[in-house]
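Have a look at the structure below, then the notes.
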Amino acid sequence: MSESSGAGAEVVVENVCKSFGARVPVLRDVSLRVSPGEFVSIAGPSGSGKSTLLALIGGIDRPDSGEIRVAGISVSGLRNHTEYRRHIVGFVFQHDLLLPALTAQANVEASLLAAGVGRSERRERAQALLEEVDMSMRAGHLPSELSSGERQRVALARALANRPRVLLADEPTGRLDSTAARQALDRLIAARIERGMTLIVVSHDQAVAARADRTTRLIDGRFEPPTTHTAT
Ligand SMILES: Nc1ncnc2c1ncn2[C@@H]1O[C@H](COP(=O)(O)OP(=O)(O)O)[C@@H](O)[C@H]1O
Ligand SMILES: [Mg+2]
């Protein structure tokens, strides 16, 4: 698993159920198939289970039943998700979650360090990634010295550092003004095209849905059936 190709991987979610505390079912028999390199957006009301689904795909949590396979790996069956999270998937969240005491450059390098990349390569790769998201000029700045849009771009650079084959983004533009949101979305899409990554974005933003290959809606823990347009 250590040498990921960077090319997009297929994501298969099959009959997944998930509850918290046994009482409240959050995901109820959810299935989803995303082709390698596809860009799917997931919409739906707050509390419908979107973040929970991304966490399961990302190996942050486990389904109660059903199966999740990414790049042919049974994520739900993995005993240890560390390698999977390090090399197959990347995450961008609504909150950038940058380490506050580290510069932008050091934040990107931190994920490379965790993956065992040597010092000079870490520096080079982090510089190239910050350049890609147009943050070279702010590489030495702390998160507190950056705007929320800039922090989100650094978070994207960090998510891309280990060349994920699937990028998962949970409301990545949710806290940004419209200009910054547009820029963040542009970077995300450019990064996907450059790498051929599979991209799954949870978002309420119409601009995200408009640019996705496909949009699907989670309602109350289930995917809404495709609408049939009938003339009345
Ligand atoms: N760790 C958790 N423990 C208990 N309940 C949770 C946990 N995570 C999410 N939930 C509940 O699951 C439901 C779906 O949450 P979430 O997946 O975050 O929805 P969304 O991202 O669509 O807003 C909510 O009712 C939420 O309160
Ligand atoms: Mg959420």
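The values are calculated or read from the model by the stated rules, or taken from the named source; none is laboratory data. Because the structure is a prediction, the values reported are computed rather than measured. Virtual Cβ from ideal backbone geometry, glycine too; neighbours counted across all protein chains shown.
Note on region 63-98: residues that are free of Cβ contacts under 8 Å to residues at least 12 places away in the same chain and in contact with a helix residue (DSSP H, G or I) (Cβ under 8 Å, 6 or more places away or on another chain) total 0. Residues satisfying the criterion are present in region 13-31 (criterion: within 26 Å of HIS204 (Cβ to Cβ), within 16 Å of ligand 2 (Cβ to nearest atom), without any contact (Cβ under 8 Å) to a residue 24 or more places away in the chain and in a strand (DSSP E or B)). Is it the case that LEU113 is of a type outside the set (Gly, Ala, Ser) and surrounded by fewer than 16 Cβ atoms within 10 Å (Cβ to Cβ)? For LEU113, the condition - of a type outside the set (Gly, Ala, Ser) and surrounded by fewer than 16 Cβ atoms within 10 Å (Cβ to Cβ) - is met.
Please state which one of ILE193, ILE200 is free of Cβ contacts under 8 Å to residues at least 40 places away in the same chain and closer than 25 Å to TYR84 by Cα.
ILE193
Here ARG123 fits the description: modelled with pLDDT of 95 or more, among the basic types (Lys, Arg) and more than 21 Å from ARG85 (Cα to Cα). Taken together, the criteria place LEU167 among residues that are modelled with pLDDT of 95 or more, more than 16 Å from ligand 2 (Cβ to nearest atom) and in contact with a Phe, Trp or Tyr (Cβ under 9 Å, 6 or more places away or on another chain). Provide a single number: the residues in region 99-108 that are touching a helix residue (DSSP H, G or I) at 6+ places or on another chain (Cβ under 7 Å) and in contact (Cβ under 8 Å) with a residue 40 or more places away in the chain. So the answer is 6.
Annotation: of all residues in region 57-71 being surrounded by 22 or more Cβ atoms within 10 Å (Cβ to Cβ) and not in a loop (DSSP other than H, G, I, E, B), the one that is farthest from the chain's Cα centre (by Cα) is ILE68.
I need the full set of residues from region 182-214 which are within 16 Å of ligand 1 (Cβ to nearest atom) and crowded, with 16+ Cβ neighbours inside 10 Å, in order please. Matches in region 182-214: ILE200, VAL201, VAL202, SER203, ASP205, VAL208, ALA209. Entry remark, region 198-218: residues being aliphatic (A, V, I, L, M) and either modelled with pLDDT under 95 or over 25 Å from LYS18 (Cβ atoms) (or both) number 4 in total. Filtering region 27-60 to residues that are charged (D, E, K, R) and under 17 Å from GLY90 (Cβ atoms) leaves only GLU38. Quick one: in region 57-89, which of the residues that are touching a strand residue (DSSP E or B) at 6+ places or on another chain (Cβ under 6 Å) and farther than 16 Å from GLU10 by Cβ is nearest to ligand 2 (Cβ to nearest atom)? Among them, the one singled out is PRO63.
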